[in-house]
Amino acid sequence: MRKKIVAGNWKCNTNLQEGIELAKKVNTLVTSMAATDVVVVLGTPFTHLAKIVESVNTARIGIAAQNCAAEAKGAFTGEISAEMIKSTGADYVILGHSERREYYAETSEVLNRKISLAIENGLTPIYCCGEPLRIRETGTQNAFVKNQLEETICNLSPDDFRKLIIAYEPIWAIGTGKTATSEQAQEIHAFIRSVIAEKFGNEIAEDVSILYGGSCNAKNAKELFANKDVDGGLIGGASLKVEDFIQIINGF
Ligand code: PGA
């Protein structure tokens with residue numbers, strides 16, 4: 001069954017104390033909401049994971065890391081493995097975010113290893129894809145995103161593919177205040193689902209959640225989430241503001 005998901009991506013923000021406070025506030029508001037079928041996830045810095053898992057009701061709020069190592073273990077100073085993340089009680093990991101691809105030269109090859117390790121260790125990958133402005137301007141975004149999918153998640157077995165969530169994030173909309181229109185979002189989400197259907201069949205394509213990311217906020221979430229192929233959001237800036245984040249969850 002396709003899930004509705006609102007996932008926060010805190011990026012490199014909040015120290016430990018601020019992060020715990022933010023998570024507790026989100027927890028209070030989410031746990032006081034009427035029962036909802038929306039899955040709420042908080043993507044926190046590595047240093048916060050274990051503490052935040054203890055600070056929230058994990059039956060209502062899932063916790064995500066924002067990256068993991070491309071190696072299982074060993075002499076890789078400074079790296080955090082998928083197994084380490086899982087051992088904190090976190091259940092998700094954001095992978096392939098455009099900031100990682102761009103600033104840390106994360107290639108499809110590296111991403112493939114990360115995705116496999118995440119799945120092997122029982123983490124749900126939130127796999128990010130999306131085109132830069134120059135590609136959108138030439139109207140070739142579908143081919144660009146299809147290539148990203150083909151180089152990474154299309155190589156998975158159907159069983160492993162079922163374990164992941166996709167986030168479409170046009171790079172030109174991330175942190176810019178410029179959101180894709182509802183039509184643009186629906187169009188490319190439907191396209192992504194068709195690529196998945198071609199590779200894995202209709203049933204699996206219908207089940208996968210495809211989140212929209214890129215300046216999704218308290219004002220535009222409702223309209224974006226109303227689209228048939230938009231199953232929620234990956235929220236950066238607005239996830240750091242409790243009231244906005246809650247309003248986004250209420251966008252469904
Ligand atoms: P934004 O970030 O909501 O601040 O645009 C989204 C993301 O990068 O995940």
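The values are calculated or read from the model by the stated rules, or taken from the named source; none is laboratory data. Since this is a predicted model, take the numbers as computed values, not measurements. Positions of Cβ are backbone-derived with ideal geometry, glycine not excepted, and every protein chain shown enters the neighbour counts. When the accessible area is computed, the model is the full protein with side chains, heavy atoms only, and any ligands, DNA or RNA have been set aside. Shrake-Rupley method; radii C 1.70, N 1.55, O 1.52, S 1.80 Å.
Can you tell me how many residues within segment 182-200 are touching a residue at least 24 places away in the same chain (Cβ under 8 Å) and out of contact with any helix residue (DSSP H, G or I) (no Cβ under 6 Å at 6 or more places or on another chain)?
Restricting attention to segment 182-200, the residues satisfying the condition of being touching a residue at least 24 places away in the same chain (Cβ under 8 Å) are 182, 185-186, 188-193, 195-196, 199-200.
Imposing the further condition that a residue be out of contact with any helix residue (DSSP H, G or I) (no Cβ under 6 Å at 6 or more places or on another chain) reduces the set to 186, 188-190, 192.
Total satisfying the criteria: 5.
I'm checking my understanding of the structure. Among residues of segment 127-144 that are away from the ligand (no atom under 16 Å from the Cβ) and either part of a loop (DSSP other than H, G, I, E, B) or aliphatic (A, V, I, L, M) (or both), which one is most open to solvent (accessible area, probe 1.4 Å)? Explain how you work it out, then say what you get.
So the first thing to find is which residues in segment 127-144 are away from the ligand (no atom under 16 Å from the Cβ), and the list is 134-135, 137-144.
From what's left, either part of a loop (DSSP other than H, G, I, E, B) or aliphatic (A, V, I, L, M) (or both): 135, 138-140, 143.
On the way: ILE135: 24, THR138: 94, GLY139: 54, THR140: 61, ALA143: 68 Å².
Taking the candidates together, the pick is THR138.
Under the condition of being of a type in the set (Ser, Thr, Tyr) and over 17 Å from LYS146 (Cβ atoms), which residue from segment 193-224 is most open to solvent (accessible area, probe 1.4 Å)? It would help to see each step written out before you state the result.
Within segment 193-224, the first condition is being of a type in the set (Ser, Thr, Tyr), and the residues that meet it are 194, 209, 212, 215.
Still in the list and also over 17 Å from LYS146 (Cβ atoms): 209, 212, 215.
Working: SER209: 8, TYR212: 0, SER215: 27 Å².
Per the stated criteria, the residue is SER215.
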message: If I filter segment 158-177 for residues that are in a helix (DSSP H, G or I) and touching a residue at least 60 places away in the same chain (Cβ under 8 Å), do I get at least one hit?
response: yes
- request: Return yes when ARG2 is charged (D, E, K, R), at pLDDT 95 or above and within 16 Å of the ligand (Cβ to nearest atom) and no when it is not.
  value: no
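In segment 1-15, what residues are closer than 23 Å to GLU83 by Cα and surrounded by fewer than 22 Cβ atoms within 10 Å (Cβ to Cβ)?
Start the filter on segment 1-15 by keeping residues that are closer than 23 Å to GLU83 by Cα, which leaves 7-12.
Selection gives LYS11, CYS12.
Looking at segment 35-126, what helices (runs of 4 or more DSSP H) fall wholly within it and have at least 2 residues that are open to solvent by less than 70 Å² (accessible area, probe 1.4 Å) and under 20 Å from CYS154 (Cβ atoms)? Steps first, please.
On the way: elements: 49-55, 82-87, 98-103, 108-120.
The qualifying helices (runs of 4 or more DSSP H) are 98-103, 108-120.
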- request: Just give me the residues in segment 16-34 being open to solvent by less than 70 Å² (accessible area, probe 1.4 Å) and not in a helix (DSSP H, G or I), in sequence order.
  value: MET33
